[in-house]
Amino acid sequence: MSLSSHVEELKKKHQALSKQVEEAQRAPGSSDLEIAELKKQKLRLKEEIERLGERA
């Protein structure tokens, strides 16, 4: 897998997590802990994308 395709895949995962966070925030049964974990995953992906972008 090339670096650019890997970054694109990470961006897709980041976008999917964004959607999950939005849905969880709207859902009355979602816990703050669940939302916080999704946000942490999203941040880790963003940091990885930025780190890989510096190399490209």
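None of the figures in this text is laboratory data; all of them are computed from the coordinates on show. All figures in this text were calculated on a predicted structure; none of them were measured in a lab. Neighbour counts are summed over all protein chains in view; Cβ atoms, including those assigned to glycine, are modelled from backbone coordinates with ideal geometry.
Things to note:
Every residue, every condition in (1) in a helix (DSSP H, G or I); (2) aromatic (Phe, Trp, Tyr); (3) surrounded by fewer than 15 Cβ atoms within 10 Å (Cβ to Cβ); (4) in contact with a helix residue (DSSP H, G or I) (Cβ under 6 Å, 6 or more places away or on another chain), yes or no:
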residue: Ala16; (1), (2), (3), (4): yes, no, yes, no
residue: Glu22; (1), (2), (3), (4): yes, no, yes, no
residue: Gly29; (1), (2), (3), (4): no, no, yes, no
residue: Leu38; (1), (2), (3), (4): yes, no, no, yes
residue: Leu43; (1), (2), (3), (4): yes, no, yes, no
residue: Glu50; (1), (2), (3), (4): yes, no, yes, no
residue: Gly53; (1), (2), (3), (4): yes, no, yes, no
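- Ser4 more than 12 Å from the chain's Cα centre (by Cα) and outside any helix (DSSP H, G or I): no
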